[in-house]
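Taking it in order: structure first as structure tokens, then the write-up.
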Amino acid sequence: MAEQTGWSDEVFSILRAAGVAQVAYVPDAGHKQLINRCIADNKIKHVPLTTEEEGVALLGGAWLGGERGALLMQSSGVGNIINMLSVSNECRFPLLMIVTMRGEWGEFNPWQLPMGQATQTTLEAMGVIVLRADAPEDVPETVAAAAKLSFEAGRMVAVLIGQKVIGFKNWDK
Amino acid sequence: MTEYTLERRDVVHRILKERGDAAVVTGIGNASHDVASAGDDPLNMYLFGVMGGAVMTAFGIALAQPDRRVMVITGDGELLAGIGSLATVGVEKPKNLSIVVIDNQAYGATGGQLTHTAAGVDLVGIAAASGIPRTALIEDESVLESAIKDIYQGEGPYFAVVKVVAVAAPRVHVPNDGTLTARRFRQAVSGKVG
């Protein structure tokens, strides 16, 4: 099964429609197409990060400056942001995160399992609202719902895009 | 270890005296007290939790408010905890961002344990090697006044380390309700409420 990221174009349109002006990311194969759309768009400021926690801080700043943002990362990156979520929580910053999952459906790499299996509970332990999409057709409306929760209800929200959506990783590709 | 003579609170007060309408983000620790002791301001965002987030928070503000100077005032320990953010700033080169590190070479809030800068880790060198085009090392009075001008003038990103004497300054009241200070700040810089 090849990587399926046909949902990326719709998600990009949803982010644009939600007024997202800053997109920060640490790359993941599942986000490749969405990241490329953001890079090609001259209205979205895209910021590649050295580590995901930079993105949590950046998007706090985006909101402080009057803009909206989104953070794209792989589930392993969730482990890197936990303490920084304290800032978003205390300041009640909206925080929209789109997380592509590893370490679950059909994972071949055992090193991905610990964080992948702990991703949802870890986020929830820090007060993040977690929405999951496990079919490609569910991804866009889940992101739209998360954007509403984040920007209008002012909450930290993560969309976990299941590994089943992305497909098995094919290193030959 | 070199003995420095500049005093952190005096340095921060002199920097802030020239701030105009600059937005200021403070790093957790003494830097927040230094800034608050100069007088509270809606354009101050005091971070009171998590080491390593001050530069990126200010960067996000700088992207959203490209016509306003955004300044970070933080400590060496706080910056070291998010040292990769200098690489990210060096790549993106936000023109309106200035970073000022008050370097006492110690974790002042936890008992004065030495930070890596005490052993010679060169923050100015890291910033320059990360692609931050304008940097300064301020070790004494002779270059402080010209550096204060550079913080606010010229194209960013600008990065300065001010070496200060490792003596704690008195604690002051710093507004520590993040929900309140964040909304006050956002309204002051962007006019947006809620």
Take the range B:61-87 and flag every residue that is out of contact with any Asp or Glu (no Cβ under 8 Å at 6 or more places or on another chain) and hydrophobic (A, V, I, L, M, F, W, C).
B:61, B:62, B:70, B:71, B:72, B:79, B:80, B:81, B:83, B:86, B:87
Please determine whether any residue of the range A:18-32 is touching a Lys or Arg at 6+ places or on another chain (Cβ under 7 Å), buried (at least 24 other Cβ atoms within 10 Å of the Cβ), part of a helix (DSSP H, G or I) and within 14 Å of chain B (Cβ to nearest Cβ).
no
Name the residues in the range B:53-81 that are facing chain A (nearest Cβ under 7 Å) and either crowded, with 24+ Cβ neighbours inside 10 Å or in a helix (DSSP H, G or I) (or both), would you?
B:53, B:56, B:57, B:58, B:59, B:60, B:61, B:63, B:64
Does the range B:107-149 hold any residues that are part of a helix (DSSP H, G or I), under 29 Å from residue B:92 (Cβ atoms) and hydrophobic (A, V, I, L, M, F, W, C), and which are they?
B:123, B:124, B:126, B:127, B:128, B:129, B:143, B:144, B:147, B:148
Based on this model, can you work out whether residue A:132 counts as of a type in the set (D, E, K, R), modelled with pLDDT of 95 or more and on the phi > 0 side of the Ramachandran plot?
no
Would you mind listing the strands (runs of 3 or more DSSP E) fully within the range A:57-164 where at least 1 residues are over 18 Å from residue A:29 (Cβ atoms) and within 14 Å of another protein chain (Cβ to nearest Cβ)?
A:68-74, A:95-100, A:156-161
Subset of the range B:87-106 [within 9 Å of chain A (Cβ to nearest Cβ) and either under 13 Å from the mean Cα position of the chain (by Cα) or among the charged types (D, E, K, R) (or both)]:
B:92
Count, please, the residues in the range B:150-182 that happen to be under 22 Å from residue B:122 (Cβ atoms) and either of a type in the set (Ser, Thr, Tyr) or in a loop (DSSP other than H, G, I, E, B) (or both).
6
Residues being buried (at least 18 other Cβ atoms within 10 Å of the Cβ) and touching a residue at least 40 places away in the same chain (Cβ under 8 Å) - total across the range A:105-125
6
Residue check: is residue B:177 over 18 Å from residue B:72 (Cα atoms) and either under 17 Å from the mean Cα position of the chain (by Cα) or acidic (Asp, Glu) (or both)?
yes
Identify all residues within the range B:93-113 that are in contact with a strand residue (DSSP E or B) (Cβ under 6 Å, 6 or more places away or on another chain) and surrounded by fewer than 18 Cβ atoms within 10 Å (Cβ to Cβ); write none if there are none.
B:112, B:113
Residue A:14 being on the phi < 0 side of the Ramachandran plot, part of a loop (DSSP other than H, G, I, E, B) and touching a residue at least 40 places away in the same chain (Cβ under 8 Å):
no
Provide a single number: the residues in the range B:33-51 that are within 7 Å of another protein chain (Cβ to nearest Cβ) and buried (at least 19 other Cβ atoms within 10 Å of the Cβ).
3
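The values are calculated or read from the model by the stated rules, or taken from the named source; none is laboratory data. Note that the coordinates shown come from a computational prediction; the quantities given were computed from them, not determined experimentally. Note: ideal-geometry Cβ built from the backbone for every residue, glycine included; neighbour counts use all protein chains shown.
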